[in-house]
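Remarks on the structure that follows.
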Amino acid sequence: MKKFEAVLVFEFTGAMEMRRSESALVFASVVVCILSPTSLTDGNAADARDIGPVTQRIALSQHQRAHVENVNAVFPDASNTGVPQGTNLTRHTGTLHITTDNAVIENLEIDGNIIIDAKNVTLKNIKLTTDDFNGIEVMGGATGFTLMDSEIDGGGTAHNGLMAQGTILRTNIHGVENGMTLYGPSEIRDNYIHGLAGDASSHFDGIEINGGHDIQILHNTVINPHDQTAAIMLDNWAAGLSNIKVDGNYLEGGGYTLYLDDNFSGGPVDDASISITNNQVGGGHWGDFALFGNTPVMSGNVDVSTGRNNARGAGR
């Protein structure tokens, strides 16, 4: 049977730099070119009668497939996070302290800080400029919190954009020492954390978890432009770590780009319940990962400097 040989071609649709500026977040799209028919019979090519969506029919190695899936991603940036363009915002100055369960607060431009002291609170279309220690602080009993389509600007003085547990979606966070510090069950998805700023005493982390469980960090862009600490810091300083998923993110910078550190006494680290998968990782001063002997589930991570699968991490 005659078969067509299929090859993958990378068609660059935007500025493509493995070590790139924050604005260059459009990566390669993948197209399939069908070449002249051959007599290949090893099953690695697409049958001429079934050209259609050839991409799914190509037999790729695990390394090749992980690389294609990562390169074909478009990650969050300023164009697809933050307050939607054209939203009319009402100004508020000072502390916004929310104490009513199930409150929905939206369409505000706030110069100050926000304290969430109630259950199931939703913030939507919030533009927050803050110089407080925590731009948004979610109190321990305030479960069910959601922040979406918002922006937090710490102006180079705020410590945490958020101190929180809950759901954070499509939010643009910058000008803070730590984008967010999480302490409880959370879903962090489609956010843009960048431009971390502070002073000489700062230890910069895009996402910091000093103990926590049941946390998902999915498809975010997290860029630490400094050569210390991390894009994502996981450690047991305050409590143990368990059931954490870090998947499909673009992670850049820091000393090591991702830490999993169990050298503190806050509680045990259940590394078997922690997965770090399908991320684009790079730009760490010392390497991609500092795992300190931990063995989380790892697969599909691609080093952005080499384009190669980094199954166990370049680091300590």
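The values are calculated or read from the model by the stated rules, or taken from the named source; none is laboratory data. Being a predicted model, the structure only gives us computed values, none of them experimental. Positions of Cβ are backbone-derived with ideal geometry, glycine not excepted, and every protein chain shown enters the neighbour counts.
Modelled with pLDDT under 95 and assigned by TED's automatic domain parsing to the domain that holds Asn125: does that describe Ala200? Can you show your working first?
Values: modelled with pLDDT under 95: yes; assigned by TED's automatic domain parsing to the domain that holds Asn125: yes.
Judged against the criteria, Ala200 is a match.
Six or more apart or on different chains, Cβ atoms under 7 Å: show the pairs whose first residue is in segment 133-150 and assigned by TED's automatic domain parsing to the domain that holds Leu182 and whose second is charged (D, E, K, R) and assigned to a loop (DSSP other than H, G, I, E, B). If the second residue must be charged (D, E, K, R) and assigned to a loop (DSSP other than H, G, I, E, B), the pairs left are Met139/Asp117; Ala142/Asp117; Ala142/Lys119; Thr143/Lys119; Gly144/Lys119; Met148/Arg170; Asp149/Arg170. Residues that are under 21 Å from the mean Cα position of the chain (by Cα), crowded, with 24+ Cβ neighbours inside 10 Å and under 17 Å from His174 (Cβ atoms) within segment 104-144 comprise Ile126, Leu128, Gly135, Ile136, listed in sequence order. Considering segment 218-228, and only residues there that are farther than 14 Å from Asp288 by Cβ and either of a type in the set (Phe, Trp, Tyr) or touching a Ser or Thr at 6+ places or on another chain (Cβ under 9 Å) (or both), the residue that is surrounded by the fewest Cβ atoms within 10 Å (Cβ to Cβ) turns out to be Gln228.
Residues of segment 243-261 that are of a type outside the set (Asp, Glu) and part of a strand (DSSP E or B): Asn243, Ile244, Lys245, Val246, Tyr250, Leu251, Gly253, Tyr256, Thr257, Leu258, Tyr259, Leu260.
With respect to being of a type outside the set (Gly, Ala, Ser), modelled with pLDDT of 95 or more and in a loop (DSSP other than H, G, I, E, B), Phe264 fits the description. In segment 87-134, the residue that is nearest to Ser150 (Cα to Cα) out of those that are in a loop (DSSP other than H, G, I, E, B) and of a type in the set (Gly, Ala, Ser) is Ala103. Of the set (1) in the same structural domain as Asn278 (by TED's automatic domain parsing); (2) closer than 25 Å to Ile209 by Cα, all apply to Thr81 but (1). Checking segment 230-244 against the condition returns no match, with no residue being at pLDDT 95 or above, touching a Lys or Arg at 6+ places or on another chain (Cβ under 9 Å) and in the same structural domain as Leu162 (by TED's automatic domain parsing). Out of segment 160-180, which residues are surrounded by 24 or more Cβ atoms within 10 Å (Cβ to Cβ) and either aliphatic (A, V, I, L, M) or closer than 14 Å to Ala197 by Cβ (or both)? Matches in segment 160-180: Asn160, Gly161, Leu162, Ala164, Ile168, Ile173, Val176, Glu177, Asn178, Gly179, Met180.
If you go through segment 192-221 and keep only what is within 30 Å of Ala272 (Cβ to Cβ) and of a type in the set (S, T, N, Q), you end up with Asn210, Gln216, Asn220, Thr221.
Of the residues making up segment 238-264, those that are out of contact with any His (no Cβ under 9 Å at 6 or more places or on another chain) and surrounded by fewer than 16 Cβ atoms within 10 Å (Cβ to Cβ) are Ala238, Asn263, Phe264. For the criterion of being over 27 Å from Gly198 (Cβ atoms), under 18 Å from the mean Cα position of the chain (by Cα) and modelled with pLDDT of 95 or more, Asp247 passes. The set of residues from segment 265-293 being surrounded by fewer than 19 Cβ atoms within 10 Å (Cβ to Cβ), in contact with a strand residue (DSSP E or B) (Cβ under 6 Å, 6 or more places away or on another chain) and on the phi < 0 side of the Ramachandran plot comprises Asp270, Ser273, Ser275, Thr277, Trp286. Of the residues making up segment 203-224, those that are in contact (Cβ under 8 Å) with a residue 60 or more places away in the chain and farther than 18 Å from Gly166 by Cβ are Thr221, Ile223.
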